[in-house]
Amino acid sequence: MADGSREPATILPLELRGVGFEAGGIPLIKDLTCTLERGPITAVIGPNGAGKSLFLRLCHGLIQPTSGTVHWGGAPDNPVNRQAMVFQRPVMLRRSVVANIEHVLAARKIPRSERAPRIEEVLERTGLARFATQSARTLSFGEQQKLAIARAWVLKPDVLFLDEPTASLDPAATHWIEELVLSIHDGGTRIVMTTHDLGQARRLAREILFMFRGRLLEHSEAEPFFDKPRNDLAEAYIAGEPLWWRHGETGTLKRQKPKFRNPTR
Amino acid sequence: MHDFGNAFLTALEMIVRLDADLVEIVGLSLAVNLSAVAISAVIGFPLGAALALFRFPGRTFATVLVNALMGLPPVVVGLVVYIMLSRAGPFGVFNLLFTPGAMIVAQVILITPIIASLTRQSVEDLWIEYEEHLRSIGAGRRFTVMTLLWDARFSLTTALLAGFGRAAAEVGAVMIVGGNIDHVTRVMTTAIALEVSKGDLALALGLGLILLVLSLGVNAAVYLVRGRARYRAAA
Ligand SMILES: Nc1ncnc2c1ncn2[C@@H]1O[C@H](COP(=O)(O)OP(=O)(O)OP(=O)(O)O)[C@@H](O)[C@H]1O
Ligand SMILES: [Mg+2]
């Protein structure tokens, strides 16, 4: 991960075609089509319950779509082994911080001799070194978040899914994690993250997915998106206005850009 | 009452001077009970974890069965093991009947369902919490089982204690398959039963006291050790 010379992610592109997901007969993700290429950091944004976490789970293969397909274009083998995910509510094993990290390396059958230097590096880079022998479950929430990132990053994944990685961090730690995310990105890992922090999305992401009520309403480059979203629901969202009663399910598109096809059409 | 007091004093005296018979009986009891618990753990932990994690045909039936087997009457187990191990039985060739080996076999049958059932419950609770993380890191079946068993370690000591408690208290099965032979298969519970029927209250009382103290001691020791470790692991 220190070596920026690593080959760019190879299991990409990730293609979702007409993906739907239902639970108990209720459609939670609706007809979602998009392609994530190699390259920039992607931020998935949208109000609570929009389906951002479900979207990440579908991409990561933790849940199977009830319709449509999720396909890794460049994956000959088991693609889950080339990805890692940091959950919105990370699970802490009932072990020490070090043991939590070593556990994921063991799961991927990384030889023992290689584990120690990798663990040491991520402990150092996430600032967790002084908690190394502490029980993971006694860490503060923010420290647990860092451990979750360390634990995912130590796997050197091609693609890293981060579900609100800074949700419970203080401003300094947030800044620090953002730096870390950028350096993971620079190391050649493709990052797809969700966030409610629009400033963060602006700072980190070059690609934005805007979701609302299980639909992907806008897929744009970050700069024009934050300049002026094409979808009026997205516009209301970033303006901090309430959305649910003012607009329909999909909102309306104000102007069409050639760069990305509108997935709801 | 006077007899009782005398018996009590004699019992204490036997304990204090480490009466040879007493020590032998206690030693054999512990050996049989601990062996049975160890073997049951080796079977019951993975069995319980498998029942918690894997979907297979008959899983519900197996779960209900294991739960029901927790309440097996020891004398019935003793009888069945007796038939199995008797010279005409299917396992007669092993010549185990009336040996400590037979007693261990019977106790393993009694304890394994307890350990498996309590393990299943703990592992299932933990699996609900860990599932997504373990699937996300691509953990295989074996690795998943080992992870959950290790992280459930504090609840699993309770399963071991329950198993030990049943083994140590049980008299019906070991009596039938062991035969309560002096210096060979006489353990605390069978000795107590015999001495009481013979009227030798002193030895019976002495053994009873030791049995109580052992149970209490084992539980207290485990509780203390586990409590401290658990606090450190914040589990
Ligand atoms: N297993 C499930 N059964 C029923 N409903 C579910 C299930 N999982 C998710 N949902 C619903 O799907 C919707 C989307 O959930 P999701 O967790 O993806 O939201 P989110 O966009 O990540 O929201 P937040 O910003 O609050 O994290 C929610 O309304 C949630 O209640
Ligand atoms: Mg979420």
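The values are calculated or read from the model by the stated rules, or taken from the named source; none is laboratory data. These figures come from a predicted structure and were not determined experimentally. Here Cβ is always computed from backbone atoms with ideal geometry, including for glycine, and neighbour counts include all displayed protein chains.
More than 10 Å from chain A (Cβ to nearest Cβ) and touching a Ser or Thr at 6+ places or on another chain (Cβ under 6 Å): does that describe B:Asn180?
So B:Asn180 passes the test.
Hey, among the residues in the range A:181-204 that are aliphatic (A, V, I, L, M) and within 16 Å of ligand 1 (Cβ to nearest atom), which one's farthest from A:Arg82 (Cα to Cα)?
Out of the qualifying residues, it is A:Leu198.
Among the strands (runs of 3 or more DSSP E) contained in the range A:16-73, which hold 2 or more residues that are out of contact with any Gly (no Cβ under 8 Å at 6 or more places or on another chain), more than 8 Å from ligand 1 (Cβ to nearest atom) and farther than 20 Å from A:Ser220 by Cβ?
Once the strands (runs of 3 or more DSSP E) in the range A:16-73 are filtered for at least 2 residues that are out of contact with any Gly (no Cβ under 8 Å at 6 or more places or on another chain), more than 8 Å from ligand 1 (Cβ to nearest atom) and farther than 20 Å from A:Ser220 by Cβ, what remains is A:67-72.
Could you identify the single residue in A:Val70, A:Val97, A:Val86 that is among the aliphatic types (A, V, I, L, M) and within 11 Å of chain B (Cβ to nearest Cβ)?
The match here is A:Val86.
Only one of these conditions is not met by B:Leu97: (1) surrounded by 20 or more Cβ atoms within 10 Å (Cβ to Cβ); (2) assigned to a helix (DSSP H, G or I); (3) touching a residue at least 24 places away in the same chain (Cβ under 8 Å). Which number is it?
Result: B:Leu97 passes all but (2).
Across the range A:69-92, which residue is surrounded by the most Cβ atoms within 10 Å (Cβ to Cβ) among those that are more than 16 Å from ligand 2 (Cβ to nearest atom) and modelled with pLDDT of 95 or more?
Per the criteria, the residue is A:Ala84.
Would you point out the residue of the range A:39-59, among those that are among the aliphatic types (A, V, I, L, M) and within 14 Å of chain B (Cβ to nearest Cβ), that is farthest from A:Leu160 (Cα to Cα)?
If we take residues in the range A:39-59 being among the aliphatic types (A, V, I, L, M) and within 14 Å of chain B (Cβ to nearest Cβ), then A:Leu54 is farthest from A:Leu160 (Cα to Cα).
Condition check: assigned to a helix (DSSP H, G or I), more than 10 Å from every other protein chain (Cβ to nearest Cβ) and over 25 Å from B:Ile128 (Cβ atoms). Does A:Glu143 satisfy that?
no
Quick check on my filter: what residues within the range A:85-121 are of a type in the set (Val, Ile, Thr) and touching a Phe, Trp or Tyr at 6+ places or on another chain (Cβ under 6 Å)?
A:Val91, A:Val97
When the residues of the range A:100-126 are filtered to those that are more than 10 Å from every other protein chain (Cβ to nearest Cβ) and among the β-branched types (Val, Ile, Thr), which remaining residue is farthest from A:Ala150 (Cα to Cα)?
So, considering only residues that are more than 10 Å from every other protein chain (Cβ to nearest Cβ) and among the β-branched types (Val, Ile, Thr), the one farthest from A:Ala150 (Cα to Cα) is A:Ile110.
How many residues are at pLDDT below 95, charged (D, E, K, R) and assigned to a helix (DSSP H, G or I) when one looks only at the range A:146-173?
So the count comes out to 1.
Check whether at least one residue in the range A:97-105 is within 30 Å of A:Arg137 (Cβ to Cβ) and within 16 Å of ligand 2 (Cβ to nearest atom), and report yes or no.
Looking through the range A:97-105, none of the residues is within 30 Å of A:Arg137 (Cβ to Cβ) and within 16 Å of ligand 2 (Cβ to nearest atom).
Could you identify the single residue in A:Glu178, A:Glu207 that is away from ligand 1 (no atom under 16 Å from the Cβ), over 16 Å from A:Pro90 (Cβ atoms), touching a residue at least 60 places away in the same chain (Cβ under 8 Å) and under 15 Å from the mean Cα position of the chain (by Cα)?
Only one candidate passes the filter, namely A:Glu207.
Restricting to the range A:128-182, name every residue that is surrounded by fewer than 24 Cβ atoms within 10 Å (Cβ to Cβ), more than 23 Å from A:Gly199 (Cα to Cα) and among the small types (Gly, Ala, Ser).
A:Ala129, A:Ala132, A:Ser135, A:Ser140
Name the residues in the range A:191-201 that are more than 16 Å from ligand 2 (Cβ to nearest atom) and at pLDDT 95 or above, would you?
Matches in the range A:191-201: A:Ile191 only.
Under the condition of being within 14 Å of chain A (Cβ to nearest Cβ) and out of contact with any Phe, Trp or Tyr (no Cβ under 9 Å at 6 or more places or on another chain), which residue from the range B:189-235 is nearest to B:Thr10 (Cα to Cα)?
If we take residues in the range B:189-235 being within 14 Å of chain A (Cβ to nearest Cβ) and out of contact with any Phe, Trp or Tyr (no Cβ under 9 Å at 6 or more places or on another chain), then B:Arg228 is nearest to B:Thr10 (Cα to Cα).
What do you reckon, is A:Ala116 more than 16 Å from ligand 2 (Cβ to nearest atom) and either in contact (Cβ under 8 Å) with a residue 40 or more places away in the chain or buried (at least 16 other Cβ atoms within 10 Å of the Cβ) (or both)?
In short, no.
Failed condition for A:Arg261, given (1) at pLDDT below 85; (2) within 27 Å of A:Pro79 (Cβ to Cβ); (3) surrounded by 14 or more Cβ atoms within 10 Å (Cβ to Cβ), with all others met?
(3)
Among (1) surrounded by 22 or more Cβ atoms within 10 Å (Cβ to Cβ); (2) in contact with a strand residue (DSSP E or B) (Cβ under 9 Å, 6 or more places away or on another chain), which single condition is A:Ile101 missing?
Of everything listed in (1) surrounded by 22 or more Cβ atoms within 10 Å (Cβ to Cβ); (2) in contact with a strand residue (DSSP E or B) (Cβ under 9 Å, 6 or more places away or on another chain), A:Ile101 misses just condition (2).
If only one of B:Phe56, B:Phe8, B:Phe45, B:Phe61 is free of Cβ contacts under 8 Å to residues at least 24 places away in the same chain and either among the basic types (Lys, Arg) or part of a helix (DSSP H, G or I) (or both), which one is it?
B:Phe61
Could you say which residue among B:Ala159, B:Ala139 is assigned to a helix (DSSP H, G or I) and buried (at least 17 other Cβ atoms within 10 Å of the Cβ)?
Within the list B:Ala159, B:Ala139, the selection yields B:Ala159.
For the range A:138-164, enumerate the residues that are among the charged types (D, E, K, R) and in contact (Cβ under 8 Å) with a residue 24 or more places away in the chain.
Matches in the range A:138-164: A:Lys146, A:Arg151, A:Lys156, A:Asp158, A:Asp163, A:Glu164.
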